[in-house]
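One structure below.
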Amino acid sequence: MHDLGIIGGQLYIESEFQRKNLFVKNGAISGISDGVEGCLEYYDASGKKIIPGLIDPHVHFALNVSGRTSADNFFSGSVSAAFGGVTTFIDFLDPVSKALDLPGALKRRKSAAKDSVVNYLFHATAANPKGETEKIAMEMKNLGLHTIKIFTTYEESGRRTYDTEIKEFLELSKKYGFMVLAHVENDDIVGMHPKQLVSNLPEARSEEAEITEALKLAAMVRETGGELYMVHTSSGRTVRELIKCFSGIVGNRFHIESCPHYFSFDDSKYENEDGYLYTMIPPLRDSRAVRLLKKYSNFVESIGTDHCPYMENEKARQWLDEIPMGIGSIEHSFVVMHSILGNKAIDKMSRCPAEIFGLYPWKGLLAVGSDADITIYDDNENYRIHGNHSACDYTVYEGFDVKVKIESTICGGEFVIRKGEFKRGNGKCLL
Ligand SMILES: [Zn+2]
């Protein structure tokens, strides 16, 4: 006897939809078949699509930077995630320069995340780890962490990691088996100054800064044999240059992540009076860069939201250096990406991040034995996005017309969202 039977829907198996029923027992998928097997409870999924629970590998809940905290804590952020069909997210530890500080950083974030209603995991983060790279790598592995984020920029706040240490981390990634995540901007040509306007953001943090740094890091990956994941790639030109010069490693040892906003908006938003609502780093690019991002989307392996919203009154400033950078989008990421890329969005938001971050085949796959993390959506529904369940008081996707609607989100066999209503959730730390 199964706990739950999801009957009458279309299951996403081997990158296509098949009309089958899915059964769940003890938090795992216990059967997939054409027939109806005995269950304690049935869910009528007629006409609905059933996919592996979505994974957002890049979020910042309760992020503290320069005395400000991002609007969503782990509860509100994870509820918003669940409404978006997300069953696992990966957040970040505070940056450390010394291996000694890593266990404390993990403990703090784990304790902050305990209210999460969906599953979660963390990336370690380094900040200028001179002379400490190997110790940090060993301590990371020791704590069960398999990813470390570095910034090639933010020298002014002490978060920049320099080339010598980046190269060391890449060599170590091969030796110890972990992944380097990189925020990729050439710090020497980033031109942030006081008294810049919102409309100055795209030139201050230019596409050129992203492209030149990405090419350098790709060369380092090729030389060292290491593995790198480039977070929040903002421009299709960056993707085009990477595949032109490094086709052998892109999608293999050099992974490209982009975010829904870089597919959805261009930098003309910054000319509007409310342009501050769209401020994030890296910024939006011109309309041709957006078109190229769609054109080369096959090389974008993974979609992360970089979810980091701030309230409208915190964003509403004239000068760039007074605006907290970041926007929220976890709740709308799948419906928006599906409206842009169609079914190609599914793997980029489930199987691919699961594979890259070592969660596959427990996550990212509908198969007997995999965890019962499942997203059910309706693709017969055209609707206009209105509001969200995040603690943030605005969404950049307000008024966006989309073609799919999340109906239910199941995490570990339990409904977190059932037919559009929040039930309850007990997210697990996947460490
Ligand atoms: Zn981020």
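Which GluC sites (Glu not before Pro) in the stretch 266-351 pass both tests, a DSSP loop state and at most 13 other beta-carbon atoms within 10 Å?
273
Placing +1 on the Cβ of each Lys and Arg and -1 on the Cβ of each Asp and Glu in the chain, which of 173, 31, 5 has its Cα farthest towards the positive end of the resulting dipole?
31
Please identify the GluC sites (Glu not before Pro) of the stretch 365-431 that satisfy two criteria: DSSP loop assignment and at most 13 other Cβ atoms within 10 Å. Which are they?
381, 398
Under 24 Å Cα to Cα from residue 25, which lysines show up? Leave out anything in the same chain fewer than 8 places away.
Hits, sequence-local ones excluded: 48, 49, 363, 419, 423, 428.
Are there any trypsin sites (Lys or Arg not before Pro) in the stretch 253-362 that are in a DSSP loop and have at most 15 other Cβ atoms within 10 Å? List them by number.
Here the trypsin sites (Lys or Arg not before Pro) that fit, given the DSSP loop and packing criteria, are 317.
For residue 97, what charge total do you get from the other residues with a beta carbon under 12 Å from its beta carbon, if Lys and Arg give +1 and Asp and Glu give -1?
Around residue 97, the surrounding residues sum to +1.
Can you give the Rg to Rh ratio of the stretch 187-233, both from alpha-carbon atoms, with Rh computed by the Kirkwood formula?
Here Rg/Rh amounts to 1.11.
Sort 350, 15 so that the residue with the fewest other Cβ atoms within 10 Å of its own Cβ comes first and the one with the most comes last.
15, 350
Using just the helices of the chain, give the 222 nm mean residue ellipticity in deg cm²/dmol: DSSP H runs with n ≥ 4 each add -39,500 (n - 2.57), and the total is spread over all residues, rounded to 500.
Mean residue ellipticity, 222 nm, calculated: -7500 deg cm²/dmol.
Could you tell me the distance between the Cα centroids of the stretch 102-157 and the stretch 36-81, to the nearest Å?
Centre-to-centre distance over Cα atoms comes out at 22 Å.
Nearest 10 degrees, 0 to 90: what angle lies between the long axis of helix 133-142 and the longest principal axis of the chain (Cα atoms)?
Its long axis makes an angle of about 20 degrees.
Projecting each Cα onto the charge dipole of the stretch 54-356 (Lys/Arg +1, Asp/Glu -1 at the beta carbon, about the Cα centre), which of 92, 324, 206 comes out farthest on the positive side?
Toward the positive end, the furthest listed residue is 92.
Can you give the angle from 0 to 90° between the axis of helix 102-112 and the longest principal axis of the chain, with both taken from C-alpha atoms, to the nearest 10?
For helix 102-112, the angle is close to 50 degrees.
Grab every C-alpha pair in the chain, bin the distances at 20 angstrom width from 0 up to the longest one, and report whole percents.
27, 59, 13, 0
What is the sum of charges, Lys and Arg at +1 and Asp and Glu at -1, for the other residues whose Cβ falls under 12 Å from the Cβ of residue 430?
With Lys, Arg at +1 and Asp, Glu at -1, the net is 0.
Quick one: Karplus J couplings for the stretch 385-390, per residue in order, coefficients 6.51, -1.76, 1.60, θ = phi - 60°, nearest Hz, x for Gly and Pro?
Residue by residue, the stretch 385-390 yields 5, 9, x, 6, 9, 5 Hz.
Restricting to the stretch 54-356, compute how many DSSP beta bridges are antiparallel as a %, nearest 5.
Counting only bridges with both partners in the stretch 54-356, antiparallel ones make up about 10 percent.
Under the classification rounded if a/c is under 1.5, otherwise prolate if a/b is larger than b/c and oblate if not, where does the stretch 82-203 fall, given a ≥ b ≥ c as square roots of the Cα gyration tensor eigenvalues?
oblate
What list of ³J(HN,Hα) values in whole Hz, one per residue of the stretch 155-161 in order, does the Karplus curve 6.51 cos²θ - 1.76 cosθ + 1.60 (θ = phi - 60°) give from phi, with Gly and Pro shown as x?
Those phi angles translate into 4, 4, 9, x, 8, 5, 9 Hz.
Relative to the first principal axis of the alpha-carbon coordinates of the chain, what is the inclination of helix 207-224, with its axis defined by its Cα atoms, in degrees from 0 to 90 and to the nearest 10?
Relative to the chain, helix 207-224 is tipped by roughly 80 degrees.
Mind putting a number on the dipole of the chain about its Cα centre? Charges go on the C-beta only, +1 for Lys and Arg and -1 for Asp and Glu, and I need it in Debye to the nearest 20.
780 debye
Explain nothing, just the number: relative contact order of the stretch 54-356, from Cα pairs under 8 Å at least 6 residues apart, as a whole percent.
Reported as a whole number, the value is 19 percent.
Just so you know, all these numbers are worked out from the coordinates, no wet-lab data involved. Just so it is clear, the model here is predicted, and its values are computed rather than measured. Here the Cβ is made from the backbone with ideal geometry for all residues, glycine too, and neighbour counts use every protein chain on show.
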